[in-house]
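Worksheet: the structure to be examined is printed underneath.
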Amino acid sequence: MFWSQLVASLKSDLVQILAHFSLRPSSLNRSNVLSSQMRQSKDLMSHRAHIRKRHNTPLESATKSSSTTITMASSPSSTLLSSRSPIKPTSLSSLKWKLPISLTLPRHQRRRGSPAFIVLSMDAKPTVLVAEKLGQAGLDLLKDFANVDCSYNLSPEELCTKISLCDALIVRSGTKVSREVFESSGGRLKVVGRAGVGIDNVDLGAATEHGCLVVNAPTANTVAAAEHGIALLTAMARNVAQADASIKAGKWLRNKYVGVSLVGKTLAVMGFGKVGTEVARRAKGLGMHVIAHDPYAPADRAHAIGVDLVSFDEAISTADFLSLHMPLTPATSKILNDENFAKMKKGVRIVNVARGGVIDEDALVRALDAGIVAQAALDVFTVEPPPKDSKLVQHENVTVTPHLGASTTEAQEGVAIEIAEAVVGALKGELAATAVNAPMVPAEVLTELKPYVTLAEKLGRLAVQLVAGGSGVKSVKVTYTSARAPDDLDTRLLRAMVTKGLIEPISSVFVNLVNADFTAKQRGVRISEERVILDGSPENPLESIQVQIANVESKFASAISESGEVTVEGKVKDGIPHLTKVGAFEVDVSLEGNIILCRQVDQPGMIGTVGSILGEENVNVSFMSVGRIAPRKQAVMAIGVDEKPSKAALKRIGEIPAVEEFVFLDL
Ligand SMILES: NC(=O)C1=CN([C@@H]2O[C@H](COP(=O)(O)OP(=O)(O)OC[C@H]3O[C@@H](n4cnc5c(N)ncnc54)[C@H](O)[C@@H]3O)[C@@H](O)[C@H]2O)C=CC1
Ligand SMILES: O=C(O)C(=O)COP(=O)(O)O
């Protein structure tokens, strides 16, 4: 669609663009489709590699002139235009497009003679499928950025059909986002937003395997859920629902509906997280004695509001009231079962605004019939909606609401905004603060780590390219040298990027922060991490990153360190990642463009000899650095080149008598 629009409607714009950059096309062809992930990547060299890898089709040259080869690849919302000869970085603001096109020149193109790429992005928005009702404020936010398709009550089959046309999906608790959904998306689905807390309806394993980020809205409905818990607690204790129904049925049963008091009773809050804490606070206000059970909650947080954290058995055996606020996980599934009901005080009352699945519902019916449980008030059920003839729902001592915990006007507006912001951010490629299946990296940490993230990926790419074919990468060690305390340095993002660098050049998998660990594990690559703590100022997060691949042969023997691993090390200097060590050799070359590593006998004239071969081939050298063991002994020369030298040029370098080995590395 974009392609035909571009070529048909935008010919004059395109001509303007090309003329602006001194490119002279005669015709243009569609060459391939970019995925939206690729669109987000700034590294257009890897864009091209991805197109080739993922679609298994070489990019076609659209047109050739004596000086220029222009290639185009398009996606629904962007087109990549590349040229083998330099594009002059002139002011783009002077150009006026007829259609809403934005144009980006990658940063590295500002350097003289870089390979030329332009990304044309048309105002084609990503598509967000909103599968359950979402507050208007959230929809408005989404519409500013994306095409929003609100389709409620889709069957699983309809969802699977629609999903292949969507970049993001937003659900509440009523939609199962199963493995089939991810499989049906054909790789297009990048984000699932859960407009609420519980993510038990999303197959997180499948999301991770498909590199799809899952975000939730963890804070906006906390108070609503807590208030609903308290509403159920008080309504249950005073038989409000039953009494209401009886009056409406024409009865006046003042003796039947005598309730119980809350003041002075013990309430056990099971799950002392956000909702549990708010319930505890409110219950204290009602004069209840509140205890809590939560294996992961800090005792001081509980003490601060006058709550004692106790064991599971103590909680269930001493409570007059139990209020459930833990997530549904394999560990909490049916945690209230026959065995545990038997440990409870006779006449206990239970509130559940967590998830139906944390209670064995058949066991609860038995406990109600036996009088162990006097009453239950339930907002959530194992199957929602529960069957009409459910014994539990129909039980006269049970009060029910149809999963209303988060359903206040205020909470729904808040949740809608929270999830819309998270989804838009994720679609823009920002790291999400509420990611459920990827490391959460706060924005300020991310800004600080940015150049190290690039360094980590490039070191991974370099290291794997130094491995001789057939060696099989299985064991990788990443060493971070830093003056920061380990708690101050979150390396998950860096590890993910090393993994990306290691795996992408040798596979067709697209690796991102979400699926990096999974992908490494699946491919049998063990990545271990080590910290070396330096004395000194922790102003910079890291001094250096080293990547070592063990038990492999190298195609560049000098890359093997004394301890036998392929080793590369790098630093960030003035915000730019540098390669600083290869094997035992110190070098210093900025990690941009490509690198030739050359081992030679240290002697005068080497730099000039190699430099002139590259010059004759019109290959621009960006950086050169020589690391040597001792004068006139072996040395490793690292040469940064903007273009890939031809085979003939590389052969000529190899034939220089003093050169013992060399390798070309694509960054
Ligand atoms: N009915 C409704 O509409 C709503 C229901 N919820 C449910 O409430 C749950 C809690 O929500 P939040 O408090 O916001 O989540 P949260 O993550 O802040 O709190 C959950 C707490 O449960 C604890 N926990 C985990 N395993 C446990 C176990 N085995 N035993 C006891 N505690 C355990 C965790 O340590 C955590 O402190 C959600 O997972 C969701 O399922 C949340 C909002 C609305
Ligand atoms: O946030 C939660 O976990 C909830 O259970 C609320 O679910 P809902 O968004 O109302 O379907």
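Worth a mention:
- The share of Cα pairs per 5 Å bin across segment 180-233, counted from zero up to the longest distance, runs 5, 18, 23, 17, 12, 8, 9, 6, 2, 0 percent.
- The Q603 and K428 beta-carbon pair, evaluated with R₀ = 41 Å, returns a calculated FRET efficiency of approximately 0.20.
- In this structure the amide hydrogen of V202, modeled in the peptide plane, comes within under 5 Å of the amide hydrogens of V177, none closer than 5 places in sequence on its chain.
- Percent carbon-and-sulfur accessible area, segment 559-621, ignoring ligands, DNA and RNA, probe 1.4 Å: 45 percent
- Carbon plus sulfur fraction of accessible area for segment 189-339, probe 1.4 Å, in percent: 57 percent
- Taking a straight Cα-Cα cut-off under 15 Å and skipping sequence neighbours fewer than 8 places away in the same chain, the aspartates and glutamates within cross-link reach of K256 are D244, E396.
- Local charge for A416 was computed over the other residues whose Cβ lies under 13 Å away, with Lys and Arg +1 and Asp and Glu -1, and equals -2.
- Cross-link partners for K125 among the lysines, with Cα-Cα distance under 21 Å and sequence neighbours closer than 8 places in the same chain left out: K42, K96, K98, K143, K162, K190, K428.
- Taking 0.36 nm per residue of sequence separation and removing the Cα-Cα distance, the S507/S178 pair yields an extension gain of 115.8 nm.
- Sorting the segments 170-182, 361-373 by their residues' average number of neighbouring beta-carbon atoms within 10 angstrom, most packed first, yields 170-182, 361-373.
- Additional length obtainable on full extension of the chain from I247 to Q136, 0.36 nm per residue less Cα span: 36.2 nm
- Spin-label model, K143/I305: points 7 Å from Cα along the beta carbon direction are separated by 3.8 nm.
- Sequence-ordered 3J(HN,Hα) estimates for segment 486-491 from the Karplus curve with 6.51, -1.76 and 1.60 and θ = phi - 60° stand at x, 5, 8, 10, 8, 9 Hz, glycine and proline given as x.
- Checked against a 22 Å cut-off, the cross-linked pairs K450/K474; K265/K343; K450/K555; K581/K633; K450/K573 give Cα-Cα distances beyond that limit for K450/K474; K450/K555.
- Ordering of 320-326, 523-529 by packing is 320-326, 523-529, highest average first (other Cβ atoms within 10 Å, averaged per residue).
- Counted charge near G264, where neighbours are those whose Cβ lies closer than 14 Å (Asp, Glu -1; Lys, Arg +1): +1
- Label zone at D666 (point 7 Å along Cα-to-Cβ), backbone N below 15 Å, segment 502-526: 502-509
- Radius 10 Å from Cβ of V566, net charge of other residues (Lys, Arg +1; Asp, Glu -1): -1
- Amide hydrogen proximity for H289: with H placed 1.01 Å from N in the peptide plane, the residues at 5 or more positions away or on another chain lying under 5 Å are G264, K265, T266, L267.
- Here's how it looks for I170: its modeled amide H is under 5 Å from those of L129, V130, A131, G193, which are all 5 or more places away or on a different chain.
- Of all accessible heavy-atom area on segment 501-555, the percent that carbon and sulfur account for (1.4 Å): 44 percent
- Karplus-derived 3J(HN,Hα), 6.51/-1.76/1.60, for each residue of segment 195-211, Hz, glycine and proline x: 6, x, 9, x, 10, 5, 8, 10, 7, 5, x, 5, 4, 4, 4, 8, x
- The string of couplings for segment 590-599 from the Karplus curve (6.51, -1.76, 1.60, θ = phi - 60°) is 6, 8, 10, x, 10, 10, 10, 9, 9, 9 Hz, one whole number per residue in order, with x for Gly and Pro.
- Label positions at R526 and L204, each projected 7 Å from the Cα along the C-beta direction, are separated by 2.6 nm.
- The calculated FRET efficiency for the pair K346 and L404, based on their C-beta separation and a Förster distance of 45 Å, comes to about 0.90.
The values are calculated or read from the model by the stated rules, or taken from the named source; none is laboratory data. None of these values were measured; they are calculated from a predicted model. For neighbour counting, all protein chains shown are included, and Cβ atoms are generated from backbone atoms with ideal geometry for every residue, glycine included. Areas reflect the complete protein model, heavy atoms only, side chains present, ligands, DNA and RNA absent. Shrake-Rupley method; radii C 1.70, N 1.55, O 1.52, S 1.80 Å.
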